[in-house]
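Working notes for the structure below.
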Amino acid sequence: MTPPVILSIAGSDPSGGAGIQADIKTISALHGYAAAVITAITVQNTQEVKTVDFLSADLVASQIEVVMEDLCPAALKIGMTGRADIVKAIAGVIANYPETPVVLDPVMLSTSGHPLTEPEAVNALCTELFPLCRLVTPNLNEAARLLQRPLHTPKEMEEAAAELSARYGCAFLLKGGHLEGGAMTDILYFRQVYRFTSPRIDTHNLHGTGCTLSSAIATLIGNGFTLPEAVGQAKLYMDKAIKAASGWHIGGGQGPLCHFFTD
């Protein structure tokens, strides 16, 4: 059986734990065919992002166009965009494919705190790309930036997800990894509230979790799952990938996940 084509539009991580590299691993592990459009070259490892060099908006758009015309992706995942002109270029192409579901991970900051999206690009994401998406997956810091207020509890996350969904006309998955406590709670608002809770895993190997989760959701949507089903199954996949890598020692900082684990 031919696998569904899943197109990732994201930055490159030379350490292999996040970005386009994590996306390709995730899509492949979940039985999709991974196509990839590069938006930026990062100089980073498990400890820090040293610098970022963005590709031209025209080059990003041209990459997307040739893939969309020939491979007909079943779903798109968008990660690091970085600049407003790149955001607008992406939107200009994918607006021609309104039936193709889009999962967008805003990627505003790296795990080490390095800014990955310019302020003008955040505004462009909100106005140009969010309305074209099936799902947007901000973490708590990103959601707080969008709403201009902090979020401290799952109840506040539920209210925020509903507010963002109404504002931008798409579903929102708020990731609660930065909340304190022994449980991880993510909130999906898709016509109603869905709460996904799992035990917190004691590990430093969390590099690329946002990339992995959003890519997994896109791949599962491309395989025919409904949005709530895709989020639930993607969460299970990511938890297993985190557990499988919990004893790894790759790099001196936050290590990667194990995308090709065995149950």
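The values are calculated or read from the model by the stated rules, or taken from the named source; none is laboratory data. Since we're looking at a predicted model, the values are computed, not measured. Quick reminder, even Gly has a Cβ in these numbers, built from the backbone with ideal geometry, and neighbours come from all protein chains shown. For accessibility, only protein heavy atoms count, side chains too; no ligands or nucleic acids. Shrake-Rupley method; radii C 1.70, N 1.55, O 1.52, S 1.80 Å.
Numbers below:
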| quantity | calculated |
| --- | --- |
| Asn139 long-range amide H proximity, modeled H, under 5 Å | Lys175 |
| Shape of segment 159-263, Cα gyration tensor, a/c cut at 1.5 | prolate |
| Kyte-Doolittle at least -0.5, axis length at least 24 Å by Cα - qualifying DSSP helices, the chain | 227-244 |
| Helix-only CD estimate at 222 nm, as mean residue ellipticity for the chain, using -39500 (n - 2.57) per DSSP H run (n ≥ 4) | -11500 deg cm²/dmol |
| Overall form of segment 1-122 per C-alpha gyration tensor (a/c, 1.5; a/b vs b/c) | oblate |
| The chain - percent of accessible surface contributed by carbon and sulfur, probe 1.4 Å | 53 percent |
| Solvent-accessible area per residue, Å², over the chain with all protein chains present [probe radius 1.4 Å] | 43 Å² |
| Peptides 219-227, 120-128 ordered by average Cβ neighbours within 10 Å, highest first | 219-227, 120-128 |
| Prolate/oblate/rounded call for the chain, Cα gyration tensor, a/c under 1.5 rounded | rounded |
| Extended-chain gain in nm, criterion 0.36 nm per residue less alpha-carbon gap, His204 and Phe225 | 4.5 nm |
| Euclidean distance of C-alpha centroids, segment 205-263 and segment 128-154, integer Å | 20 Å |
| Relative contact order, percent, segment 1-87 [alpha-carbon distance under 8 Å, six or more residues apart] | 37 percent |
